[in-house]
Amino acid sequence: MKTQLTLNVAPRTQTGRSASRRLRKINRIPAILYGKHTSPEKLEIEGSEFFRLVKAVSGRSVLIELQRGDRPEKALSFLQEVQRDPITDKYLHVDLHEVKPDETFEIRVPVHVLGEAYGVKKEAGVLEIASHALRIRCLPKDLPAVIEVDVSELHVGQTIKIGELKPIAGVEFLDSKGQPVVACVEPVAEIVTEAPVATAAAAEGAPAAAGAPGAAPAADGKTPAPAGGDAKAGPAGGDKKGAAPAAPAKGMAAAAGGKPAAPAKK
């Protein structure tokens, strides 16, 4: 048998939210034990003892031997799920999965990286863990605490897949052989956003458009006419005879569809 811990549990007679809240108030945690060959069994666990157990597990896959005061036989299990309060971080509920010593079972085992990748050390690469845990099937005696992956020879652009992992005696990997576990990738290029200084400077230093307020005077010293033509400004070249007649005002004959008014006699 591999790593194994012990946990004292007691039967839980009362169920429901109110009963669970009362248990938590006295530092006890509601739990349930279920398995392939047994009916679900409602339990309760002493809070401080479970806290010590979680610290001992420390992110590994570990079998837990349950000692029940009301029964002489012991149950072998593993932590299936642990619920915690998102605000207080206190333990709310524990799911335990019972296993038999002579039967295979399925479990997720965490991945543990060994060594420093060559691509990280020599090629400025970045190590990415694509799969933090893998599904396996094994007997309780063959359960590994972690799945070790040696990345020492991993170069930039290379990936270690499940099919390339070192075999473990008595362990069957259930995920796809092509599923990536660890990869060494090129670092993401840093994107630097530069302010358009040149464009802004060009806009500020460019001469004002003709007719705009503050426009520079022409070469002959005279201020150029505003763009679009001002009714008060004369035509280019100073020839008044060539000036186009002003557009008729609203309400005049031109607006009503009549002929435009004749220019005034000199």
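The values are calculated or read from the model by the stated rules, or taken from the named source; none is laboratory data. Source: prediction; values computed, not measured. Methodologically, a virtual Cβ is constructed for each residue, glycine included, from the backbone with ideal geometry; neighbour enumeration extends over all protein chains shown.
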Please give the number of the condition I136 fails out of (1) assigned by TED's automatic domain parsing to the domain that holds K166; (2) outside any strand (DSSP E or B); (3) over 30 Å from E186 (Cβ atoms); (4) β-branched (V, I, T).
-> (2)
If you take the residues in segment 68-85 that are surrounded by 15 or more Cβ atoms within 10 Å (Cβ to Cβ) and of a type outside the set (A, V, I, L, M, F, W, C), which one is farthest from H132 (Cα to Cα)?
-> R68
Count of segment 69-107 residues which are under 18 Å from A10 (Cα atoms), charged (D, E, K, R) and either free of Cβ contacts under 8 Å to residues at least 60 places away in the same chain or assigned by TED's automatic domain parsing to the domain that holds V171 (or both) | 3
Picking from E186, E128, E123, which residue would you name as being at pLDDT below 95 and under 25 Å from the mean Cα position of the chain (by Cα)?
-> E186
Scan H97, H93, H112 and give me the residue that is within 19 Å of P140 (Cα to Cα) and either out of contact with any Gly (no Cβ under 9 Å at 6 or more places or on another chain) or of a type outside the set (A, V, I, L, M) (or both).
-> H97
If you check S20 against the conditions, is it modelled with pLDDT under 95, touching a Pro at 6+ places or on another chain (Cβ under 6 Å) and not hydrophobic (A, V, I, L, M, F, W, C)?
-> yes
Count, please, the residues in segment 139-160 that happen to be exposed (fewer than 14 other Cβ atoms within 10 Å of the Cβ) and outside any helix (DSSP H, G or I).
-> 4
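Among the residues of segment 165-182, is any assigned to a helix (DSSP H, G or I), of a type outside the set (D, E, K, R) and either closer than 16 Å to R60 by Cα or at pLDDT 95 or above (or both)?
no
For (1) modelled with pLDDT of 95 or more; (2) surrounded by 12 or more Cβ atoms within 10 Å (Cβ to Cβ); (3) in contact with a helix residue (DSSP H, G or I) (Cβ under 8 Å, 6 or more places away or on another chain); (4) under 23 Å from C138 (Cβ atoms), each residue gets a yes or a no:
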residue	(1), (2), (3), (4)
M1	no, yes, yes, yes
P11	no, yes, no, no
K25	no, no, no, no
I29	yes, yes, yes, no
T38	no, no, no, yes
R60	no, yes, no, yes
